[in-house]
Amino acid sequence: MSTPIIVGNWKMNGLSADSADRAKQIVDSLATVPAAGVEVVVCPPFTQLALLGPLLKDTPVAMGAQDCHKDDKGAHTGDIAPSMLTDLGTTHVILGHSERRRDHEEVDETVREKTVSAMKAGLTPIVCIGETEDQRQSGQTEDTLGWQIKGSLPDGFAGIVAYEPVWAIGTGLAATIEDITNTVAFIRAELVRQFGDAGKSLRILYGGSVDANNAAGILAIPDVAGALVGGASLKPDAFLTIIRAVPAR
Ligand code: PEP
């Protein structure tokens, strides 16, 4: 049985003091009442990794980044290499988030290359896939996810897949339990088709408007290993409620 994981994606929000304060609240709460058996990761903006690294060191909260470059050094102005992330104590990295696919025109091949170099650096990649509203409406959800899995996940993939329907992100409209259950079953089948036995144990997360109210239902879905949380991860109380909603497995 894989360890459940709750990942907070802070996106481009908050200054140093806000993030340090938020991180401290989460750490303090988990120190007082541990969430045994649940991995917790927070992903602050790049500029706050150096501040949060020491603050999160030796706590139950790991640190993730929101992207990395495919190369480990070189002439890439403004980019961040995987080794620069591990250097600061980062253990996870979100890749292929739909906002990066949208804002930076990242395609599956870009995501796959980044995933390879993240793994080489010892980071755990959290690779996001998900259909848009148009794709959903035109019955292309499975085709889209199938292509994204094939294109974004390299051979020997050792990471986490986050199913994030694009239409559910930041909208307050999470997918239904039935839809998540069915789509995660499809993703699992594709992972097994692509990776054989190894595909059986890769963790699949759900992301898209997970909040304190709907988390328990979503996290109770048997093959959902956790959640990637955006908006609600900015509110320590809500994020902690989500962490504590993970059922014992
Ligand atoms: C996300 O951006 O990964 C996400 C899931 O956002 P939200 O929880 O706000 O929908």
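The values are calculated or read from the model by the stated rules, or taken from the named source; none is laboratory data. Remember, it's a predicted structure, so these values are computed and weren't measured experimentally. Cβ placement follows ideal geometry from the backbone for every residue including glycine, while neighbour counts extend to all protein chains displayed. The area values use the complete protein model at the heavy-atom level, side chains included, leaving out ligands, DNA and RNA. Shrake-Rupley method; radii C 1.70, N 1.55, O 1.52, S 1.80 Å.
Some values worked out for this structure:
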read-out: Phi to ³J(HN,Hα) by Karplus 6.51 cos²θ - 1.76 cosθ + 1.60 over region 44-55, Hz, x for Gly, Pro; value: x, x, 3, 5, 10, 5, 5, 6, 7, x, x, 5
read-out: Whole-number percent relative contact order across region 5-244, with pairs defined as alpha carbons under 8 Å at least 6 apart; value: 19 percent
read-out: 5 Å-binned pair-distance histogram of region 23-63 (Cα, whole percent); value: 5, 24, 36, 21, 10, 4
read-out: Per-residue [θ]222 nm for the chain (sum of -39500 (n - 2.57) over DSSP H runs n ≥ 4, rounded to 500); value: -12000 deg cm²/dmol
read-out: When region 203-249 is reduced to its Cα atoms, the Kirkwood hydrodynamic radius in Å; value: 10.4 Å
read-out: Accessible surface of Cys128 - all protein chains present, 1.4 Å probe, nearest 10 Å²; value: 0 Å²
read-out: Ellipsoid equivalent to the chain - semi-axes via the Cα gyration tensor, in Å; value: 25, 23, 17
read-out: Long-range HN-HN contacts of Val210 with modeled amide H, under 5 Å; value: Gly230
read-out: Long-range HN-HN contacts of Gly8 with modeled amide H, under 5 Å; value: Val41, Val42, Cys43, Val229
read-out: Under the Karplus curve 6.51 cos²θ - 1.76 cosθ + 1.60, θ = phi - 60°, whole-Hz ³J(HN,Hα) for region 208-215, x wherever Gly or Pro sits; value: x, 6, 6, 9, 4, 7, 9, 4
read-out: Approximate spin-label separation Thr171-Ala36, in nm, with each point projected 7 Å along Cα-to-Cβ; value: 4.0 nm
read-out: Net charge over other residues, Cβ less than 14 angstrom from the Cβ of Ser16 (K, R count +1; D, E count -1); value: 0
read-out: Packing-based ranking, highest mean first, of 130-136, 59-65 given that Cβ atoms within 10 Å are counted; value: 59-65, 130-136
read-out: Diffusion coefficient, µm² s⁻¹, Stokes-Einstein with Kirkwood Rh over alpha-carbon pairs of region 161-249 at 20 °C and 1.002 mPa s; value: 162 µm²/s
read-out: Derived scalar couplings ³J(HN,Hα) [region 145-159; Karplus, 6.51 cos²θ - 1.76 cosθ + 1.60; whole Hz; x for Gly, Pro]; value: 5, x, 5, 5, 5, 4, x, 9, 9, x, 4, x, 3, 10, x
read-out: Cα centroid separation, region 170-249 to region 65-143 (Å); value: 19 Å
